[in-house]
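**Q** Once you've had a glance at the structure underneath, I'll fire off some questions.
Since every read-out is calculated from the coordinates, none of them should be taken as a lab result. What you see is a predicted model, and the numbers here were worked out from it, not measured in a lab. Ideal geometry is used to build each Cβ from the backbone, glycine not excepted, and the neighbour counts take in all protein chains shown.
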Amino acid sequence: MTTRKKAPSLGDWDRQYLWHPFTQMQEWEREEPIIIERGKGPYLIDTEGRAYLDGTSSIWVNVHGHRHPVLDRALDQQRNRIAHSTLLGLSNPPAIRLARELIGVAPKGLTRVFYSDDGSTAVEVALKMAVQYWQQRRPKAGPKNRFLHLNLAYHGDTIGAVSVGNIDLFHARFRPLLFATESADPPYCYRCPLSLTYPSCRLACLEPIEQILRERGPELAGFVIEPLIQAAAGMITQPAGYLKRVRELCTKYEVLLIADEVATGFGRTGQMFACEREGVTPDLMALSKGLTGGYLPLAATLTTEDIYRAFLGKYEEFKTFFHGHSDTGNPLGCAVALAKLEIFRTDRTLAKLKPKIRSLSRLLKPLRRLPHVGEIRQQGFMVGIELVRDRGTREAYPLEARIGQQVAQEARKRGLLLRPLGHIMVLMPPLSVDLRTLTRMVDILSRSIAAVTRHD
Ligand SMILES: Cc1ncc(COP(=O)(O)O)c(C=O)c1O
């Protein structure tokens, strides 16, 4: 009797051919992967037809829900014209229109848009622009080419972005490749490095920052910061007034403020851009993720007229910004991004978001009663729930306990997909989610935390 060999499945091919990012593949190879085939609104649907709630907006990218008809249409219409041409020596209508629209919604004072491909490259562009800006603005002054950033910062995975980052688990191995930077502690109030309490601390954590700016200002090209919330650091929220003060200090010590709004941009914190909350205009602003809401990779670095003008001159002065990517200003991505901004207007996304943010706070409140919830941090629609082994001492779970991963596994069984940051559970629903679905997401998260930590 002959036995028929089972045909390989997509899961088999995944394990045989794919290498997944931020993933221990030895473990991955032992598991059956969830293979997402379709999406609708806040749902991801796998090849088995199972629907999951997209609890992290597909890694903080999705804005208006999956398969939005306006975005689908914009993509189709542009595809019928052209998929790609270059911005090197040419222009294209969606790239022009999108630049104009972005400047229209950006903090006042930002006037120019430089396109790239993803969050990391948007940050790289900002770093390179800052260094070249000072060379050309003050050619006779000494080198002004170092950067200040916060500890635990994450600005992407390319070498420049990693240099201004500081998450050991991700970055330590690459230290030999990185350039030297200055760094300061973030306002991680739950674990205050100065052992102070907000607001009586009066933002004392800004003093070491001012000291660095005072002493090293002449060498510093820029201060790179995620405004309002350091996302990958564990959703570390900044107290009110922090960002505004950072802006004032950067101005005082003549250091460019580089706002990395890759995660916070496009409504995620409740306004179009996080900087708006504190009335701040950065000198450079990096955008990606929500720019197309995941339809296509696209990024932009926005800057001021002052910076732009420092790059003007005769060709032979070589003040040109010699940087660009093959897909820069890709018309398909720009057409979708334009349509996405139109949805913000026509659907009044930001106005509708306000009560949803309040509902989310209300829904999260009962989770404080769970004995292993140390702190719940929320900035608009960005939530981090820090799980601790001991709430009294705030003792953290060790990485090996994989507490976050365990909770995510439980949530998955209940129909919610999450991607924790170690022991910090992240919830970042698409802005379009309705109250019923939001309630379900929080309920599943709560029950999953309770199920995993019950016996600790
Ligand atoms: C604040 C911030 N900056 C930059 C990046 C890098 O973006 P990308 O993964 O698109 O390169 C991320 C990604 O999570 C981010 O959160």
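**Q** How would Cys275, Cys201 line up from fewest to most surrounding beta-carbon atoms within 10 angstrom?
**A** Listing Cys275, Cys201 from fewest to most nearby Cβ atoms yields Cys201, Cys275.
**Q** Provide the three semi-axes, in whole Å and in decreasing order, of the ellipsoid equivalent to the range 1-63 as defined by the square roots of 5 times the Cα gyration tensor eigenvalues.
**A** 28, 17, 8
**Q** By how many nm would the segment from Gln135 to Thr393 grow when fully extended, if each residue of separation counts as 0.36 nm and the alpha-carbon distance is taken off?
**A** Stretched out fully, the Gln135 to Thr393 stretch lengthens by 87.9 nm.
**Q** Pull up all non-local amide H partners of Asp390: gap of 5 or more, or a different chain, and H-to-H distance under 5 Å with H placed in the peptide plane.
**A** Here the answer is Glu395, since their amide H atoms fall under 5 Å of that of Asp390.
**Q** List the residues whose amide H sits under 5 Å from the amide H of Arg419, counting only those 5 or more places along or on another chain, with H placed 1.01 Å from N in the peptide plane.
**A** Val426
**Q** If you add up the charges near Ala339, with Lys and Arg at +1 and Asp and Glu at -1, over every other residue whose beta carbon is less than 12 angstrom from its beta carbon, what do you get?
**A** Residues near Ala339 contribute -1 overall.
**Q** Mind checking which lysines have their Cα closer than 21 Å to the Cα of Lys40? Skip sequence neighbours fewer than 8 apart in that chain.
**A** The qualifying lysines are Lys289, Lys340, Lys352, Lys356, Lys413.
**Q** Measure off 7 Å from each Cα along the Cα-to-Cβ vector at Phe321 and Thr47, then give the distance between these two points in nanometres to one decimal.
**A** Placing both labels 7 Å beyond Cα along the Cβ direction yields 4.2 nm.
**Q** Just subtract the alpha-carbon distance of Gln26 and Lys252 from 0.36 nm times their residue separation and send over the number in nm, one decimal.
**A** Gain on stretching Gln26 to Lys252: 76.3 nm.
**Q** Would you mind checking which residues have amide H under 5 Å from His323's amide H? H placed 1.01 Å from N; only 5 or more apart, or other chain.
**A** Under 5 Å from the amide H of His323: no residue qualifies.
**Q** Can you list the equivalent-ellipsoid semi-axes of the range 264-422, largest first and in whole Å, using the square root of 5 times each Cα gyration tensor eigenvalue?
**A** For the range 264-422, the ellipsoid semi-axes come out as 39, 20, 18 Å.
**Q** For the range 342-403, report the convex hull volume of the alpha-carbon atoms normalised per residue, in Å³, without decimals.
**A** Normalising the Cα hull of the range 342-403 by residue number yields 96 Å³.
**Q** Provide the net charge surrounding Arg146, with neighbours chosen by a C-beta distance below 11 Å and charges set as Lys +1, Arg +1, Asp -1, Glu -1.
**A** Its environment carries a net charge of 0.
**Q** Divide, for the chain, the radius of gyration over alpha carbons by 2.2 N^0.38 Å, where N is the residue count.
**A** For the chain, the normalised Cα radius of gyration comes out at 1.01.
**Q** A follow-up question, please. Percent of Cα-Cα pairs per 10 Å bin, from 0 to the last occupied bin, for the range 217-327, please list those.
**A** Reading upward from the zero bin: 13, 39, 32, 13, 2.
**Q** Same structure again: Please compare each pair in Lys140/Lys319; Lys128/Lys319; Lys144/Lys252; Lys244/Lys365; Lys108/Lys244 to a cut-off of 19 Å on the Cα-Cα distance and tell me which ones are over it.
**A** From the list (Lys140/Lys319; Lys128/Lys319; Lys144/Lys252; Lys244/Lys365; Lys108/Lys244), the Cα-Cα distance tops 19 Å for Lys244/Lys365.
**Q** I've got another one for you. Using the Karplus equation 6.51 cos²θ - 1.76 cosθ + 1.60 (θ = phi - 60°), what ³J(HN,Hα) coupling, rounded to whole Hz, does each residue of the range 120-137 give in order, writing x for Gly and Pro?
**A** 4, 6, 4, 6, 4, 4, 4, 5, 5, 4, 4, 5, 5, 4, 5, 4, 8, 6
**Q** How large is ³J(HN,Hα), in whole Hz, for each residue of the range 218-230 in order, when computed from phi with the Karplus curve 6.51 cos²θ - 1.76 cosθ + 1.60 and θ = phi - 60°, using x for Gly and Pro?
**A** x, 9, 8, 7, x, 10, 9, 8, 8, x, 6, 7, 8
**Q** Still on this structure: In sequence order, what are the phi-derived ³J(HN,Hα) couplings for the range 11-21 according to the Karplus relation 6.51 cos²θ - 1.76 cosθ + 1.60 with θ = phi - 60°, rounded to whole Hz, with x for glycine and proline?
**A** Running phi through 6.51 cos²θ - 1.76 cosθ + 1.60 with θ = phi - 60° gives x, 4, 5, 4, 5, 7, 10, 9, 10, 8, x Hz.
**Q** Quickly rank 70-79, 314-323, 265-274, 299-308 as a protection proxy: mean count of other C-beta atoms within 10 Å, highest first.
**A** Highest-to-lowest ranking by the protection proxy: 265-274, 299-308, 70-79, 314-323.
**Q** Can you give me the P(r) profile for the range 64-138? Cα pairs, bins 5 angstrom wide beginning at 0, each as a whole percent.
**A** Here the calculated profile for the range 64-138 is 3, 11, 14, 20, 24, 15, 7, 3, 3, 1.
**Q** Ok, one more. Which aspartates and glutamates, on any chain, are close to Lys354 with Cα under 13 Å apart, when same-chain ones fewer than 8 places away are left out?
**A** The reachable aspartates and glutamates, counting only those whose Cα sits under 13 Å from Lys354, are Asp434.
**Q** Write down the percent of antiparallel bridges among all DSSP beta bridges whose residues are both part of the range 143-302, to the nearest 5.
**A** Here the share of antiparallel DSSP bridges comes out near 25 percent.
**Q** As a test of the definition: which semi-axes, in Å, follow for the range 1-136 when you take the square root of five times each eigenvalue of its alpha carbon gyration tensor? Largest first, please.
**A** 40, 21, 17
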